Amino acid sequence: MDGLGMRRRHPGLNLPDDPDHIREQDENDVFGFWIFLMSDAVLFALLFAIYGTMLRGTAGAPGPAQIFKIGPAFIETMLLLSSTFTFGMASIALKRDARNKRLVFWLVATLLLGLGFLGMEINDFAGMVAQHATPERSGFLSAFFVLVGMHGLHVSIGSLWMVVMLVQLATIGRDHKVEINLIRLSLFWHFLDIVWIAIFSVVYLQGLLR
Amino acid sequence: MTEPGIWHFLLGNLSWHALPFVRAWRDPSVSEVIGAAAAAIVVLGAVALFVVITRFGKWRYLWSEWVISLDHKKIGIMYIILAGIMLTRALIEAVLMRTQQAVAINASGVVGPNHFAQLFSTHGTIMIFFMAMPFLTGLINYVMPLQIGARDMAFPYLNSVGLWLTVSGALLMMVSLVVGQFSTGGWSGYPPFTELSFNPGPGPDYWIWAVTLSSIGSTTVGINIACTLYKMRAPGMAWMRMPLFCWTALCTAILMIFAMPPLTVATLLLAADRYAGMHFFTVGHGGNMMNYVNLFWLFGHPEVYILILPAFGVYSEVISAFSSKELYGYTSLVVATAAIAVLSFTVWLHHFFTMGQSADINAFFGIATMTIGVPTGVKIYDWIWTMFRGRVRFTPPMLLSIAFMMTFVLGGFTGIILATPPLDFMFHNTLFLVAHFHNMLIGGLLYGLLAGYMYWFPKAFGFRLNEAWGRISVCCWVGGFYLAFMPLYVLGAAGLARRTQEIFDPAFRPWLIVALCGALVLFAALISLFVQLYVSIRDRDHNRVPVGDPWDARGLEWSIAAPPPEWNFVTIPHVGNRDAFYWRKRNQGAYRPADHYRDIELPKDTACGVIIGLAAGVCGFGLVWHIWWMAVLCLAVIVATVILRAFERDVTRIIPAARVEAVDRQWLAQAEAAQPTPREREQSAENQGLAQWMA
């Protein structure tokens, strides 16, 4: 078998080629995570649909134009997009660099960007609550807080997961389970980025256009 | 009493009044006494179970052999045991409801309106989420990996988590009998009735958390089954060589992956309304209950096919085995299964034709609904042609399959009636609908699950089930169904609304009494099922089929010992065609020792699954009663368990080759010594699980 054929043995695994190592279980682990993400995507799709039908349900409470601020939302978008880039660099380090230094550097950078995003989002929410735009005031606000909050919850889980991975890199090192979990975390992280792009365009941009 | 003190912190909204015994003491009406008696049965049952297990010193055995096991076979069996327990409760509730309607004609009957509403809510919730789902999940869990030549599911640990989440949901259902009350909102839990303003008690919260646990559990099951089928088929097991049961399992799994999230979203948003004062489905404040109805049925309709497809798979296996014929029209059955799975997402609106959409939309969904009849009809013809000129044996599973074909077609016809929007405006919300979906679920799903249970039981436990009691049970299931539900068609067409606690037209009385008799016959069917199990266990030494192929069947699951060793296959088989084992045994390929016996790696048992599942259940209980510390603590336990498990590296164990060889050679010696059984004597003690086949 030529080198190309070898590389294609596990096309879903973004890891160095090791012709001696058949990674069937690893392939399952990554594939199963893709399936989970499909299920999670359905969850977000439904929340988007609910949000769309609730746009008019403001019931006298503040609507999109009053509570959304394009500045912070744009910075949040930039933070999350940069974190996708840094995680991309971490994935390259995982594949190409046997040492942990670069990998850890890029993971920490991703984590900091993610935490920055979360901090800004919490600040946004606090500002809205200060304007008395709380989720119990109208159907629209409920839908907004649950959709964006669900994404924020996912980012929090992703950040906790990243902390766990950093601890594992420090204590266990890079065994194949750590590698597989980093691949899964990267899928999760990029997925959340895509969801955020949808939130930015559907929730914030459209809300401010109206 | 109500001052916010330490007791309120510790116990939330719990009070003495939550206990049905206290309620029955204060108000000794028949309805309350029945509630207290049901609670007493649950408590006494739990205590009796505890005493029996302690008396026989079986705690350690249960814990280490079953509870923490990651073996897909044991997990499958535990799912089916759960289904059996829950079936018993929900069937008793059904008898009680039929009794109520038969006697409450211009009278108040035996249970009050609130109690009656709890009965139909728990009956539906249990039958769907804690009887049907665990039963089919258990069957798939047990059989599917054996059929595709795998040693386990793709994610054994996730499998255990899914099981214990489901068990926790079922435990919440049981606890709701003893502490507090269950929802009165039906199995579908429509708001705004289930919102805080109309239903402030713990009932809807019990429903929300029990269903949410089951829903999350089923999502994990779907991911697991799909990944197993995609990735772990034995070499040579191409898609079109899979047994049909695997195809139905795959389609069901895909439906679970896509259709369970809508349910999770629906219940969680309802919880957001009830716990955080939000306004998703409330009246006013911009809430819109139609969103709930759409979400629920976006789950609910695919759910119908999640339930029925595995049953179709079972019938395909059973009819082919007991007709000694290759499955007729395999390809068309596969295509029909996939078509049903796809179409199932295009019909959810027929559950609420009357709720205000335009006639055009109703017409679209009505036609889409009728379209599903086409692939289903294809299947019925395929099964009939499979039997045609076959060597048909009327074993209990086969009888169930034949009864299914008759009954299901009947239910399909009434389904066409309901799928026609103008007719649905007449029949919706009447007993006609109740009769229709019981026609599909008993005559389709339950017969299939029971057929699967009887068909694969010898494989799982190594001895046949008693056929005589099996026939008695089948007769009762079939006769009971017709007696109980045909009258409901009549009553529904005459305009009797479903979920009616008291009836004011004496003309309905005879039909209701016939239906009650039917319910009692169905209860007798359940009892005879248990008697069959008891008799079979008692006589197990006469009915052993250790060689593992009692029916001269076709799939790989029959090519190994009964019960199978925990590693399933000594060597992963290579598959060259459909019906792999049938072909192999006719070509001198079966019952041969392996060329080399190798060490086998299996997943190591772990308590993490049961810890996560039970913590989720206790968390649900804390949420129901607003015991916040309990909910937060359990959530922390779950997160900690997940993280700690991620640090565990010692997750597999090795079965040494010597042990594999010893067990395998012992089985081969049994196969060597066994007398091949011809088909006409397969239901006698002569059957040792080695089939006699014509060369």
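The values are calculated or read from the model by the stated rules, or taken from the named source; none is laboratory data. None of the values given here were measured: they were computed from a predicted structure. Because the Cβ atoms are built from the backbone with ideal geometry, glycine has one as well, and the counts that use them run over all protein chains shown. Remember, those area values only see protein heavy atoms, side chains included, never the ligands or the DNA or RNA. Shrake-Rupley method; radii C 1.70, N 1.55, O 1.52, S 1.80 Å.
Restricting B:Val639, B:Val663, B:Val632 to residues that are out of contact with any His (no Cβ under 6 Å at 6 or more places or on another chain) and either surrounded by 15 or more Cβ atoms within 10 Å (Cβ to Cβ) or in contact (Cβ under 8 Å) with a residue 12 or more places away in the chain (or both) narrows the list to B:Val663.
Among residues of segment A:38-62 that are at positive phi and touching a residue at least 40 places away in the same chain (Cβ under 8 Å), those with a Cβ under 8 angstrom from a residue that is open to solvent by less than 10 Å² (accessible area, probe 1.4 Å) and not β-branched (Val, Ile, Thr), sequence gap 6+ or separate chain, pair up as A:Ala59/A:Ser138; A:Ala59/A:Gly139; A:Ala59/A:Phe140; A:Gly60/A:Ser138.
If you go through segment B:113-143 one residue at a time, how many are of a type in the set (Gly, Ala, Ser) and open to solvent by 20 Å² or more (accessible area, probe 1.4 Å)?
0
Being open to solvent by 20 Å² or more (accessible area, probe 1.4 Å) and either among the charged types (D, E, K, R) or within 11 Å of chain A (Cβ to nearest Cβ) (or both) is the filter here; which residues of segment B:220-235 pass it? Full working, then the answer.
At the first step, the residues of segment B:220-235 found to be open to solvent by 20 Å² or more (accessible area, probe 1.4 Å) are B:220, B:230-233, B:235.
Result: B:Thr220, B:Tyr230, B:Lys231, B:Met232, B:Arg233.
If you filter segment B:483-504 down to residues that are without any contact (Cβ under 8 Å) to a residue 60 or more places away in the chain and assigned to a helix (DSSP H, G or I), you find that the one that is surrounded by the most Cβ atoms within 10 Å (Cβ to Cβ) is B:Leu488.
Among residues of segment B:535-559 that are outside any helix (DSSP H, G or I), those with a beta-carbon under 7 Å from a residue that is of a type in the set (Lys, Arg) at least six positions away or on a different chain give the pairs B:Asn543/B:Arg464; B:Val545/B:Arg464; B:Gly548/B:Lys459; B:Pro550/B:Arg464; B:Asp552/B:Arg679.
When the criteria are applied in full, B:Val103 meets the requirement of being modelled with pLDDT of 95 or more, farther than 30 Å from B:Gly609 by Cβ and open to solvent by less than 80 Å² (accessible area, probe 1.4 Å). For segment B:656-674, the criterion of being farther than 29 Å from B:Trp583 by Cβ, modelled with pLDDT of 95 or more and not small (Gly, Ala, Ser) is met by at least one residue. Looking across segment B:59-77, not a single residue is more than 20 Å from the chain's Cα centre (by Cα), part of a helix (DSSP H, G or I) and of a type in the set (Val, Ile, Thr). The residue of segment A:179-210 that is nearest to A:Phe36 (Cα to Cα), among those that are surrounded by 14 or more Cβ atoms within 10 Å (Cβ to Cβ) and charged (D, E, K, R), is A:Arg184.
Just one residue in the set B:Leu82, B:Leu70, B:Leu62, B:Leu10 is closer than 25 Å to B:Ile627 by Cβ and either in contact with a strand residue (DSSP E or B) (Cβ under 9 Å, 6 or more places away or on another chain) or open to solvent by less than 80 Å² (accessible area, probe 1.4 Å) (or both); that residue is B:Leu10.
Looking at A:Phe31, A:Phe36, A:Phe87, A:Phe74, can you tell me which residue is open to solvent by 50 Å² or more (accessible area, probe 1.4 Å), assigned to a helix (DSSP H, G or I) and away from chain B (no Cβ under 14 Å)?
A:Phe74
Only one of B:Ile402, B:Ile367 is within 14 Å of B:Tyr315 (Cα to Cα) and among the β-branched types (Val, Ile, Thr); which?
B:Ile402
Taking segment A:60-71 as the range and being in a helix (DSSP H, G or I) and open to solvent by 10 Å² or more (accessible area, probe 1.4 Å) as the test, the residues that pass are A:Pro64, A:Ala65, A:Gln66, A:Ile70, A:Gly71.
Restricting the first member to segment B:597-614 and to residues that are closer than 30 Å to B:Leu213 by Cβ, and the second to residues that are in a strand (DSSP E or B) and open to solvent by 10 Å² or more (accessible area, probe 1.4 Å), the beta-carbon pairs closer than 7 Å and six or more apart or on different chains are B:Leu602/B:Thr652; B:Leu602/B:Arg653; B:Pro603/B:Thr652; B:Lys604/B:Thr652; B:Lys604/B:Arg653. For segment A:40-58, a residue qualifies if it is assigned to a helix (DSSP H, G or I), more than 9 Å from every other protein chain (Cβ to nearest Cβ), open to solvent by 30 Å² or more (accessible area, probe 1.4 Å) and not small (Gly, Ala, Ser), and exactly one does: A:Phe48.
Of the helices (runs of 4 or more DSSP H) that lie entirely inside segment B:107-196, those containing 3 or more residues that are under 22 Å from B:Pro243 (Cβ atoms) span B:133-147. Would you confirm, using the coordinates I've provided, whether B:Gly412 is touching a helix residue (DSSP H, G or I) at 6+ places or on another chain (Cβ under 7 Å), open to solvent by 20 Å² or more (accessible area, probe 1.4 Å) and not charged (D, E, K, R)? Against the criterion (touching a helix residue (DSSP H, G or I) at 6+ places or on another chain (Cβ under 7 Å), open to solvent by 20 Å² or more (accessible area, probe 1.4 Å) and not charged (D, E, K, R)), B:Gly412 qualifies.
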